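*Asks:* Got a structure here, written out as C-alpha cells. Questions coming.
The values are calculated or read from the model by the stated rules, or taken from the named source; none is laboratory data. All of these numbers come straight from a predicted model, not from anything done at the bench. All Cβ positions, glycine included, derive from the backbone under ideal geometry; neighbour counts span all protein chains shown. Keep in mind that these areas ignore ligands, DNA and RNA; they rest on the heavy atoms of the full protein, side chains included. Shrake-Rupley method; radii C 1.70, N 1.55, O 1.52, S 1.80 Å.
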Amino acid sequence: MDDNPMLLKSTTRHIRIFAAEIDRDGELVPSNQVLTLDVDPDNEFTWNEDALQKVYRKFDELVEASSGADLTDYNLRRIGSDLEHFLRSLLHKGEISYNLSSRVNNYSMGLPQVAPDDQDSYGLMKS
C-alpha cells in the first residue's frame, strides 16, 4: 500500500468525487480508503433533504457495485457520470429544480419546465 496516495478525482458539472478525506482545516487529504462526495458545488439546483439523500444512497450503491475494482480515475469518472445522469432524472421528475437565484443559469440539464397557467397567451411569464 502506498504511503503517499495521489489525489484521484472525478469532476462533472454537478458532481465532484475525491479519493480523499477532509481534515480539520477543511483540506483534502488523499486516501485509498475514503471517497468524498460534493454535490452541486455551484448551487445550480434547489434541493430538499429527501432528494439529497437519494443522491447519497445512489452514490453508495454505485460504490458498492464497483467494490473490488481498482480505485482509478476511470472508475471514479464512471461513478460521477452515473450520478450526473441520476441528477438529470431527479430534475426531470421534479424532485429538484433549477435555483433561479444561482449566480449562473445555464440550464445544463435542459430548459426548465414552466406550468402552462404561469404563462400569458404569448408564452411569456406572467408577473
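*Asks:* Quick one: residue 71 ticks every box in (1) touching a residue at least 24 places away in the same chain (Cβ under 8 Å); (2) of a type outside the set (Ser, Thr, Tyr); (3) under 23 Å from residue 100 (Cβ atoms) except a single one, so which number is it?
*Replies:* (3)
*Asks:* Could I ask something else about it? I need the strands (runs of 3 or more DSSP E) fully contained in segment 1-102, keeping only those with at least 3 residues that are of a type in the set (A, V, I, L, M, F, W, C).
*Replies:* The qualifying strands (runs of 3 or more DSSP E) are 15-18.
*Asks:* Now a separate question. Look through 27, 61 and report the one residue that is at pLDDT 95 or above and more than 28 Å from residue 101 (Cβ to Cβ).
*Replies:* Of 27, 61, the one residue that is at pLDDT 95 or above and more than 28 Å from residue 101 (Cβ to Cβ) is 61.
*Asks:* Could you check segment 11-49 and list, in sequence order, the residues that are more than 19 Å from residue 70 (Cα to Cα), hydroxyl-bearing (Ser, Thr, Tyr) and within 12 Å of the chain's Cα centre (by Cα)?
*Replies:* 12
*Asks:* If we scan segment 12-26, do we find a residue that is of a type in the set (S, T, N, Q), surrounded by 14 or more Cβ atoms within 10 Å (Cβ to Cβ) and in contact with a helix residue (DSSP H, G or I) (Cβ under 7 Å, 6 or more places away or on another chain)?
*Replies:* Yes, some residue in segment 12-26 is of a type in the set (S, T, N, Q), surrounded by 14 or more Cβ atoms within 10 Å (Cβ to Cβ) and in contact with a helix residue (DSSP H, G or I) (Cβ under 7 Å, 6 or more places away or on another chain).
*Asks:* Another question about this same structure. Given the structure, is residue 9 at pLDDT 90 or above, open to solvent by 50 Å² or more (accessible area, probe 1.4 Å), in contact with a helix residue (DSSP H, G or I) (Cβ under 8 Å, 6 or more places away or on another chain) and over 23 Å from residue 99 (Cα atoms)?
*Replies:* Criteria met by residue 9.
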